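First the structure, in the form of C-alpha cells, and then the observations on it.
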Amino acid sequence: MKKILLLLSLLACVCNSWAQEADSRIFTHPGRETFVYFPSQELGPTNTVTFFLPEKSVPLTQSYPVIVVLGLVPKQAPEIAQFQQEHRAIVVGINFEEKDYATRATQIERFLMRELLPYVDTNYLTKTGPENRILAVQGKSAARIALHVTQNPNLFGGVALFSPGDVWNDVDVPNVRTLVVGTQPELALAQETLEQYGKTYGPDFALRYNRANELWFRGIDASYLWADKAQTQVKYARADVSLNKVSLAQPQDVFLRIWVVLANNSLFHYVPSQLRMSPPYLTWDPLRGALQAVSGAVPGTVRVRNVVDKPAFAVKVRLKK
C-alpha cells in the first residue's frame, strides 16, 4: 500500500512539473507572441496572454503605444493584423470570458495594474506613459472593471467601452478620455451621465453607434483616443430625421440622429438628454432617439428642421406648422 501511495505521489509530482513547463511555454509566430499560460500571482497560471506585434519579429525596431483588449484570443490574429495596419500599436489580448469578469474582477484589476503593464514596458519597446495606453473592453461586467481601473489616470490615457449597458449606474465615471460604442439607449445614458459629471463632448468623451457585421474591437478608434485636445474640439454637427413632416393628430415617431465632426475630421454621434423646441409640439425620448407629437395637440402638421447651436452645442428643433 505504501509503495502504491509513493508511486501516486511521484506521478503527481511529475504531472505538476509537466503542468509548470506547459504554463511557461511561449508560442512565437510572425507578428505575435503567445504565453500559455501567462505567469501571474494575481490570476494564477490560468489565462493566455497574446502580444500582437506591429512587426514580424522581436526585438522591435522602434517604440509603439499599447492597446490592452480584454477578451482577445490568439486565433483572432488576422483581424488584429488588419487593425494594426491603421493603428500601429502593440495590442495585448487576454482570453478572459464573461464568467471571469463576474468572479475575478478584483484580481483582474490588480493583474492589469501591477503585473501586465510593468511586464509590457519591461519586455517590449513601448511609448511609456498613460497617454500612450488604451484599455478596451466589451460588455457591462468588463466595463465595470475598466471604469474602476481608469479611476487612476496614471495607468491608461483612454478607454473604449463597447456595449456597456447601464454600467454607469454602478460606478464613477473614468478620469480618462472615453469612447462609448453601443445602442441608442447605451449612448443616451452614457452621454447624460458623463455630462452630469462635468465631462465635455469631444475632449473628454465621444459616442458611436454599433456597426453591423463588424468585430467589436475593430471599432477601437485609437486616433481619437490619442489625439491632442485641440483636435478633439467639436467642429460642427448636423442632424438627420426620418420624416420632415409630422401629423399632430396621431402618434407618429420621428427618429433623430445627430452626427458630430471633430477638429481632426473624425465622425461621431451625439445624443442630447433634452431638446429645445419652439413651439413645443413634440416630445423627445433620448433612449429611443425619437420625437413624438404631444398628446392632445391641435390638429395639423409640423415641419421639423434641425439646428445645432454653437458654441454651447445645445440642440434646438424648430417646428413650423
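Assign one of three labels to the range 183-235, namely rounded, prolate or oblate, based on the Cα gyration tensor with a ≥ b ≥ c the square roots of its eigenvalues; rounded applies when a/c is under 1.5, prolate when it is not and a/b is larger than b/c, and oblate otherwise. Verdict is oblate for the range 183-235. Sorting ASP121, ASP100, ASP240 by the number of Cβ atoms found within 10 Å of their own Cβ, with the fewest placed first, yields ASP240, ASP121, ASP100. Extension gain for GLU195 to ALA102 (0.36 nm times residue separation, less C-alpha to C-alpha distance): 30.7 nm. Between HIS29 and THR34, the built amide H atoms are under 5 Å apart, and every one of these is 5 or more places off in sequence or on another chain. Using only Cα coordinates, the Kirkwood hydrodynamic radius of the range 24-232 works out to 17.2 Å. Distance check, please: which entries in LYS75/LYS235; LYS140/LYS245; LYS75/LYS140; LYS127/LYS199 exceed 31 angstrom between their Cα atoms? Over 31 Å Cα-Cα: LYS75/LYS235; LYS140/LYS245. On the basis of the beta-carbon distance and an R0 of 25 Å, ALA263 and ASN213 show a calculated FRET efficiency of 0.25.
With a Förster radius of 45 Å applied to the beta-carbon distance between LYS235 and ASN154, the computed FRET efficiency rounds to 0.90.
Answer rounded, prolate or oblate for the range 30-103, using the Cα gyration tensor with square roots of eigenvalues a ≥ b ≥ c: rounded when a/c is under 1.5, else prolate when a/b is larger than b/c, else oblate. Verdict is prolate for the range 30-103.
In this simple spin-label approximation, PHE255 and ALA81 carry label points 7 Å from Cα along the Cα→Cβ vector, and these lie 3.7 nm apart.
Each 5 Å bin from zero up to the one holding the largest Cα-Cα distance in the range 171-290 carries the following percent of pairs: 2, 10, 19, 22, 19, 13, 7, 5, 2, 0. Remark: TYR197, TYR209, TYR270 ranked as TYR197, TYR209, TYR270, counting other beta-carbon atoms within 10 Å and listing the fewest first.
For the range 25-34, putting each phi into the Karplus relation 6.51 cos²θ - 1.76 cosθ + 1.60 with θ = phi - 60° gives couplings of 6, 10, 9, 10, 10, x, x, 6, 10, 10 Hz, in residue order, rounded to whole numbers and with x for Gly and Pro.
FYI, it's all coordinate maths here, none of it is from the lab. The shown structure was predicted, so the numbers you read here are calculated from the model rather than taken from an experiment. No Cβ is skipped: glycine too gets one built from the backbone with ideal geometry, and neighbour counts run over all protein chains shown.
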